[in-house]
1. Within the set B:68/B:113; A:13/B:37; B:5/B:113; A:100/B:54, which residue pairs have Cα atoms separated by over 27 Å?
2. Can you pull out the buried accessible area for chains B and A, both sides counted, probe 1.4 Å, rounded to the nearest 100 Å²?
3. What is the gain in length, in nm to one decimal, between residue B:59 and residue B:7 on full extension, counting 0.36 nm per residue of separation less the C-alpha to C-alpha distance?
4. Would you mind working out the accessible area per residue for chain A, using a 1.4 Å probe, and quoting it in Å²?
5. Order these peptides, B:57-67, A:45-55, by their mean beta-carbon neighbour count within 10 angstrom, highest first.
6. I'd like the residues of segment B:31-74 whose 1.4 Å-probe accessible area shrinks by no less than 30 Å² going from the isolated chain to the full set of protein chains.
7. Using a 7 Å offset from the Cα along the Cα-to-Cβ direction at both residue A:80 and residue A:67, what is the distance between the two label points in nm, to one decimal?
8. Could you please state how large a percent of the accessible area of the protein assembly as shown is carbon and sulfur, counting protein chains only and using a 1.4 Å probe?
Amino acid sequence: KAGVTQTPRYLIKTRGQQVTLSCSPISGHRSVSWYQQTPGQGLQFLFEYFSETQRNKGNFPGRFSGRQFSNSRSEMNVSTLELGDSALYLCASSSDPNEKLFFGSGTQLSVL
Amino acid sequence: DQQVKQNSPSLSVQEGRISILNCDYTNSMFDYFLWYKKYPAEGPTFLISISSIKDKNEDGRFTVFLNKSAKHLSLHIVPSQPGDSAVYFCAARGNNNAGNMLTFGGGTRLMVKP
């Protein structure tokens, strides 16, 4: 069974641009969550989707958004990028909410 | 305000000995706790979890202990192996329909010396 796949692996953007990150969950998993990892703040929850509906949202500004498609694939979007958005963005999936999370390898975003 | 804290940023242990990683939390609404291991350039990998109704859970070389009154949990690895060298994160989930909304600690880098 393939694991959680995130694309792209690395991304370089400049301030003010917007970016879209993609996540394909493990086959059969319907819950997808996104986390941001930075050296200063550690791993922080962004949002969770289940059956195309946002279930929970972390404490991030509205520039961070996401969605989930009918095939459970998910995208997250960050608009008007700031230097502080430079981070590793991790996607995780599970068969249902409250089940064990499986993480992808992440997308390393650098904002210049 | 950090609700989950791992006060030791690093820990060095000799191969074959016990590794003890600690985690403290402040939120009484947390009712489920997990430990993840992370290698560089990879996503975190689930290790072991414990529900707040238990005080111990064991899986092979890994044991997690929960002390609810102290709001403290610890991960014991016995015996430690060089392949265990990684960053370990503890995470907690609330009992309010939190789903997969986990609150992570800052991580502890474990180095197991051969």
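The values are calculated or read from the model by the stated rules, or taken from the named source; none is laboratory data. Please read all numbers here as calculations on a predicted model, not as lab measurements. Glycine gets a Cβ as well: all are built from the backbone with ideal geometry, and neighbour counts include every protein chain shown. For the accessible areas, the whole protein counts, side chains as well, though only heavy atoms, and no ligand, DNA or RNA atoms are used. Shrake-Rupley method; radii C 1.70, N 1.55, O 1.52, S 1.80 Å.
1. Beyond 27 Å: B:68/B:113; A:13/B:37.
2. That pair hides around 1600 Å² of surface in total.
3. Details: separation 52, 0.36 × 52 = 18.72 nm, distance 2.43 nm.
So the extension gain works out to 16.3 nm.
4. Counting only protein heavy atoms, the per-residue value for chain A is 46 Å².
5. Highest to lowest by the protection proxy: A:45-55, B:57-67.
6. B:36, B:38, B:41, B:43, B:44, B:46
7. Reported label-point gap for residue A:80 and residue A:67 is 2.0 nm.
8. On the way: 5040 of 10720 Å².
Answer for the protein assembly as shown: carbon and sulfur cover 47 percent of the accessible area.
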